[in-house]
Amino acid sequence: SAEEKISAAVDERELQDAKVFYLGKKGKLTAILKNMKDVPADQRPVIGTAANTVRAAVESFIGEKQAQLKAKRLESQIKNETVDITLPARHHKAGHVHPLDKALRKIMESFVRMGYSVEEGPEIESDYYNFECLNLPKDHPARDMQDSFYITNEILLRTHTSPVQARTLRRHEPNSPIRMIAPGKVFRWDNDATHSPVFHQVEGLVVDKGISFADLKGTLEIFLKDLFGSDTKIRFRASYFPFTEPSAEVDISFASRTHDEGGDPDWLEILGCGMVHPQVLSLNGYDPQQVSGFAFGMGIERIAMLLYGIDDLRNFYENDVRFLEQF
Ligand code: PHE
């Protein structure tokens, strides 16, 4: 009966039940072995030997069945876990570099090749760094050039990356040479098709002994031709910024662009720049008698629009995949 019951077990649980039924503490065979003391002494050897033979047989049935069930379980496991390598692969969409970041990377590469370091400053800035130590005292009319988001009387969202000029000057040993760019977000109270309240700039600052306007012109010419191609035309126009003197705005034009009827190429304003105002040097621990410098600031959105032919600023901020996946 044990042989029948064991071979009928369809899984390891049923086999375990059968094992308990015969060999467990209250099992049938166990009971016989326990009662050996009640068997008359002359019959004990015969019955004892028979009981032990049966026990050995039952154990071997169980062992065999166990091996069988285990093999069966393994087989079905292997079958179920098979990977069908002929199935088409799942397609994972890779992300794209945002066009603003792509433009920024190009700008950074160009300056890093020229030996510039990359600096950063806080987006939440003090009035002091954003204006005052850039030669813009409290009553300065040019503060109106930039519509600011103030948080308290003294704290605002920076309106340009120029405060990083002041912070970098102060981090350096006075009069030691500096060659840095500083990219980042800036904020102005403006919102229409061509202005976003948050946009991006890259600041540049070079200070050393004997830096001249010629160095500024040469550097920006190399940079702009690197960025937009060697046929790019560049024009400096006199301008005004409180932190540079003299100041200029730079326009670019492409040979391939259309000319107006007078034959003048179309000029596009691309950045502001100038020689660092002596007052800015001295306000930030440098001696304008010993060193001079130039600075520049450009909007990354404008550059990305020109590089990639984007005509609406809002494309940058809407995160529409149909736009983003083109880059
Ligand atoms: N900070 C100026 C702006 O945001 C740009 C600039 C930077 C001009 C450095 C001159 C020198 O308009």
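Quick one: Met275, Met298, Met114, fewest Cβ neighbours within 10 Å first, how do they rank?
The fewest-first ordering by Cβ neighbours comes to Met114, Met275, Met298.
Going by a ≥ b ≥ c, the root eigenvalues of the Cα gyration tensor, does the chain fall in the rounded group (a/c under 1.5), the prolate group (a/b larger than b/c) or the oblate group?
In terms of gyration-tensor shape, prolate.
Find out how many positive minus negative residues lie around Pro137, taking Lys and Arg as positive, Asp and Glu as negative, among other residues whose Cβ is under 15 Å from that of Pro137.
-3
Please list the non-local residues whose amide H lies under 5 Å from the amide H of Gly274, H modeled 1.01 Å from N, same-chain partners needing a gap of 5 or more.
Ala248, Ala295
In whole Å, how far is the Cα centre of region 87-116 from that of region 1-29?
Rounded to whole Å, the Cα centres lie 68 Å apart.
Can you tally the net charge around Ala103? Count Lys and Arg as +1, Asp and Glu as -1, for every other residue whose Cβ sits under 12 Å from the Cβ of Ala103.
Overall, the nearby charge balance is +1.
Mean separation of Cα pairs under 8 Å and 6+ residues apart, divided by the residue count of region 1-157: what relative contact order is that in percent?
Answer for region 1-157 is 15 percent.
Sorting Val112, Val164 on the 10 Å Cβ count, fewest up front, what's the list?
In order of increasing Cβ crowding within 10 Å: Val112, Val164.
Among Thr86, Pro99, Leu157, which residue has its Cα furthest toward the positive end of the charge dipole of region 74-163, with +1 on Lys/Arg Cβ and -1 on Asp/Glu Cβ?
So the residue we want is Thr86.
Charges on Cβ only, +1 for Lys and Arg, -1 for Asp and Glu, centred on the Cα centroid of the chain; of Ser247, Pro174, Met108, which one is farthest towards the dipole's positive end?
Result: Met108, furthest along the dipole toward the positive end.
Taking the Cα centre as origin and putting +1 on Lys and Arg beta-carbons and -1 on Asp and Glu beta-carbons, what dipole magnitude results for the chain, to the nearest 20 debye?
2620 debye
Straight distance only, please: which lysines reach the Cα of Lys28 with their own Cα at less than 23 Å, same-chain residues fewer than 8 apart left out?
Qualifying lysines at Cα under 23 Å: Lys5, Lys19, Lys37, Lys65.
Projected onto the charge dipole of the chain (+1 at Lys/Arg Cβ, -1 at Asp/Glu Cβ, origin at the Cα centre), which of Gln66, Val118, Ala214 gives the Cα projection farthest towards the positive end?
Ranked along the dipole, the leading option is Gln66.
Let me check against my output: what whole-number percent is the relative contact order of the chain, with C-alpha pairs under 8 Å and at least 6 apart?
16 percent
Can you list the lysines whose alpha carbon is less than 16 Å from that of Lys233, not counting same-chain residues fewer than 8 positions off?
Lys217, Lys225
At most 14 other C-beta atoms within 10 Å and a DSSP loop state: those are the exposed GluC sites (Glu not before Pro) I care about. Give me the longest piece of the chain that has none.
Longest gap between qualifying sites, sites excluded: 155-260.
Treat every Asp and Glu Cβ in region 187-326 as -1 and every Lys and Arg Cβ as +1, leave all other atoms uncharged, and give the resulting dipole magnitude about the Cα centre to the nearest 20 debye.
380 debye
Would you mind working out the magnitude of the charge dipole of region 1-98 relative to its Cα centre, with +1 at each Lys and Arg C-beta and -1 at each Asp and Glu C-beta, to the nearest 20 Debye?
340 debye
Counting only helical runs of four or more DSSP H residues, what would the 222 nm mean residue ellipticity of the chain come to if each run contributes -39,500 (n - 2.57) and the total is spread over all its residues?
Helix-only estimate at 222 nm: -12000 deg cm²/dmol.
In a shell of Cβ-Cβ distance under 14 Å around Lys65, excluding Lys65 itself, what net charge do Lys and Arg (+1) and Asp and Glu (-1) give?
-2
Bear in mind these aren't lab numbers, they're just calculated from the coordinates by the rules spelled out. These numbers were taken from a predicted model, which means no experiment stands behind them. All Cβ positions, even for glycine, are placed from backbone atoms using ideal geometry, and neighbour counts span all protein chains on display.
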